[in-house]
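Engineer: I am attaching a structure below and will ask some questions about it afterwards.
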Amino acid sequence: MVEFILLSLLLMVPMVYFIVTIGQVQGGSFAVVGAADQAAKVYVMQKDTSEGRAAAEQAALLTLADYGHSAGQAFVDVACDRGDCLSAGAAVTITVKLTVPLPMVPFGDALSLDAANLSASATQIVGRFR
C-alpha cells in the first residue's frame, strides 16, 4: 500500500503538471490566432495609420486579456505591402507574438522560465469602399 501511494505521487504529479502546461500552451495558441485576426480587422477600418496601429494593438491586447495573458508577455507588429497601408487594395499583416510562462512556478517572473514562444499572423485587404 505504501509503495502504491509513493509511486502514484511520483508519477501523477509530473503528469498533471505536464497536462496543465500543455493546456496553457494550447490556450496561448488560441489567443495569438484570435488576437492577430481581430487586430487586422480593426486596423483596416481606421482612418490613418497611427490610429490603425493604436487600435490594432489595443484590440490584440484586449483579446489576449480575454484569454488570461498580460500585455507584458505580448508583442504586436504591423507590416504592409505598400507605402500607404490604408490605400485601397493594400494588404495589412498583423503579427502577434506571445510568451507563455510555465504555470505555478514560484518567482517565475524573476527566473524567466517560459513554456513556449508563440506567434500568429493575419492579413486583411483594405477595401475600396470604406
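Engineer: Please check which bits of the stretch 64-104 a label hung off D48 would reach, taking the label as a point 7 Å along Cα-to-C-beta and the cut-off as backbone N under 14 Å.
Structural biologist: Taking a point 7 Å out along Cα→Cβ of D48, the residues of the stretch 64-104 whose backbone N falls under 14 Å are 85-86.
Engineer: Sticking with this one: Accessible area per residue of the chain at 1.4 Å probe, in Å²?
Structural biologist: Counting only protein heavy atoms, the per-residue value for the chain is 63 Å².
Engineer: Sorted by accessible area with a 1.4 angstrom probe, largest first, how do F18, F107 fall?
Structural biologist: From most exposed to least exposed: F107, F18.
Engineer: Explain nothing, just the number: dipole magnitude of the chain about its Cα centre with +1 on each Lys and Arg Cβ and -1 on each Asp and Glu Cβ, in debye rounded to the nearest 20.
Structural biologist: My answer is approximately 420 debye.
Engineer: For labels at Q26 and L113 in the simple 7 Å Cα→Cβ model, what's the distance in nm?
Structural biologist: Between Q26 and L113, the simple spin-label model gives 2.2 nm.
Engineer: Ignoring ligands, DNA and RNA, what percent of the accessible area of the chain is carbon or sulfur (1.4 Å)?
Structural biologist: Accessible surface attributable to carbon and sulfur in the chain totals 64 percent.
The values are calculated or read from the model by the stated rules, or taken from the named source; none is laboratory data. These numbers were taken from a predicted model, which means no experiment stands behind them. As a convention, Cβ positions derive from the backbone with ideal geometry for all residues, glycine included, and neighbour counts pool all protein chains shown. Please note that ligands, DNA and RNA were not included when accessible areas were found on the heavy atoms of the full protein model with its side chains. Shrake-Rupley method; radii C 1.70, N 1.55, O 1.52, S 1.80 Å.
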